[in-house]
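Asker: Next up is a structure, given as structure tokens.
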Amino acid sequence: RPVRCRDPIGDVATIEYVLGDITEQEVDVIVNAANSSLLGGGGVDGAIHRKGGPEILAACRELRAGHYGGGLKTGQAVATTAGRLRARWVVHTVGPVWSATEDRSQLLTDCHRNALRVAAELQARTIAFPAISTGIYRWPVEDASRIARAAVQNAPVELVRFVLFDQRTYDAFARP
Ligand code: AR6
């Protein structure tokens, strides 16, 4: 059963935290923690393509054949259909790989802000984010949660939902 927690400091958009699977969410936009190829991968990316079906990959291939011939750069975001998912769109973004020697936090902020901008352009009102970069890209979850929460302040939508896949990640994000 999803656990919900309302963020008391979110001012414009409601910000909530759910322990669960992002592919199940009934929101306008689901954000995918993709890679620059846009052609799929593991983690949440793999789950979105598996459950959303081949229409999403077909749309990604079209992007690669057109404006995104060189792939999607880290921090940028682009929308496709959500295929068979309950959401209307998937917004793909590429998180930075964690680095112990270089501060890449602006790129993690950019992921969130650019995904929100694309969502607003689509006139989406509700959006769900996974914990971008905290899996295969190894970003420490406490630090990633601080950056992600700050990045969605004053979001141009009605609802921002962070969907966290395990208890430890949920606890980091939902902490007051
Ligand atoms: N719902 C919500 N969160 C999930 C789900 C799900 N169904 N599945 C995994 N997570 P990751 P990254 C969590 O690795 O670190 C891919 O191969 C997961 O537990 O998916 O940004 C891409 O193609 C973790 O908390 O994304 C890239 O190559 C969070 O989602 C690379 O991984 C992010 O983990 C991107 O790595």
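Asker: Kindly write out, for region 19-24 in residue order, the coupling ³J(HN,Hα) from the Karplus curve 6.51 cos²θ - 1.76 cosθ + 1.60 (θ = phi - 60°), rounded to whole Hz, with x marking Gly and Pro.
Answerer: Karplus values, whole Hz, x for Gly and Pro: 8, x, 10, 5, 5, 8.
Asker: Mind checking the log10 I(q)/I(0) for region 49-176 at q = 0.10, 0.18 Å⁻¹? Debye, one equal scatterer per Cα, no solvent, two decimals.
Answerer: So the normalised log intensities are -0.32, -1.06.
Asker: Can you give the relative contact order of region 24-72 as a percent, counting alpha carbon pairs under 8 Å and 6+ residues apart?
Answerer: 37 percent
Asker: State, as an integer percentage, the relative contact order of the chain based on alpha-carbon contacts under 8 Å between residues 6 or more apart.
Answerer: Taking the mean separation of contacting Cα pairs over the length of the chain, I get 31 percent.
Asker: Moving on. What list of ³J(HN,Hα) couplings, whole Hz, do you get for region 33-42 from phi and the Karplus terms 6.51, -1.76, 1.60, once you set θ to phi - 60° and write x for glycine and proline?
Answerer: 7, 8, 10, 5, 5, 6, 9, x, x, x
Asker: Express the carbon and sulfur contribution to the solvent-accessible surface of region 34-114 as a percent, rounded to the nearest whole number, probe 1.4 angstrom.
Answerer: Result for region 34-114: 48 percent of the exposed heavy-atom area is carbon or sulfur.
Asker: With labels modelled as points extended 7 Å from the Cα through the Cβ direction, what inter-label distance (nm, one decimal) is found for Ala100 paired with Leu39?
Answerer: It is 3.2 nm.
Asker: Per-residue HN-Hα couplings for region 127-140, Karplus 6.51 cos²θ - 1.76 cosθ + 1.60 at θ = phi - 60°, whole Hz, x for Gly and Pro?
Answerer: 9, 10, 10, x, 7, 3, 6, 8, x, 4, 8, 6, 6, x
Asker: Based on the Cβ-Cβ distance of Asp171 and Arg117, what FRET efficiency does E = 1/(1 + (r/R0)^6) give at R0 = 30 Å, to the nearest 0.05?
Answerer: 0.55
Asker: Counting other C-beta atoms within 10 Å, and keeping those with at most 10, which DSSP coil GluC sites (Glu not before Pro) do you find in region 89-176?
Answerer: Sparse-neighbourhood loop GluC sites (Glu not before Pro): Glu102.
Asker: What are the residues whose amide H is under 5 Å from the amide H of Leu164, where those residues sit 5 or more places off or on another chain and H is modelled from the backbone?
Answerer: Val18, Leu19, Gly20
Asker: Between Gln76 and residues 5 or more places away or on another chain, which pairs have amide H atoms under 5 Å apart, with H built 1.01 Å from N, and which residues are they?
Answerer: Hits under the 5 Å cutoff: Val94.
Asker: How large is the accessible surface per residue of region 117-176, computed with a 1.4 Å probe and reported in Å² as a whole number?
Answerer: The answer is 48 Å² per residue.
Asker: Can you tell me which of 38-50, 13-25 comes out highest on packing, and rank the rest after it, using the mean Cβ neighbours within 10 Å?
Answerer: 13-25, 38-50
Asker: May I ask which residue of Ala119, Pro130, Gln106 lies farthest towards the positive end of the charge dipole of region 21-176, with charges of +1 (Lys, Arg) and -1 (Asp, Glu) on Cβ and the Cα centre as origin?
Answerer: Toward the positive end, the furthest listed residue is Ala119.
Asker: Kindly provide the helix-only [θ] at 222 nm of the chain, computed as the sum of -39,500 (n - 2.57) over DSSP H runs of four or more divided by all residues, to the nearest 500 deg cm²/dmol?
Answerer: The helix-only estimate for the chain comes to -10000 deg cm²/dmol at 222 nm.
Asker: Could I ask something else about it? Below 8 Å between Cα atoms, with a sequence gap of 6+, how large is the relative contact order for region 80-122 in percent?
Answerer: Averaging sequence separation for qualifying contacts and normalising by length gives 31 percent for region 80-122.
The values are calculated or read from the model by the stated rules, or taken from the named source; none is laboratory data. What you see is a predicted model; the values in this text were computed from it and never measured. Cβ sites come from the backbone with ideal geometry, for glycine too, and all protein chains shown count toward neighbours. Keep in mind that these areas ignore ligands, DNA and RNA; they rest on the heavy atoms of the full protein, side chains included. Shrake-Rupley method; radii C 1.70, N 1.55, O 1.52, S 1.80 Å.
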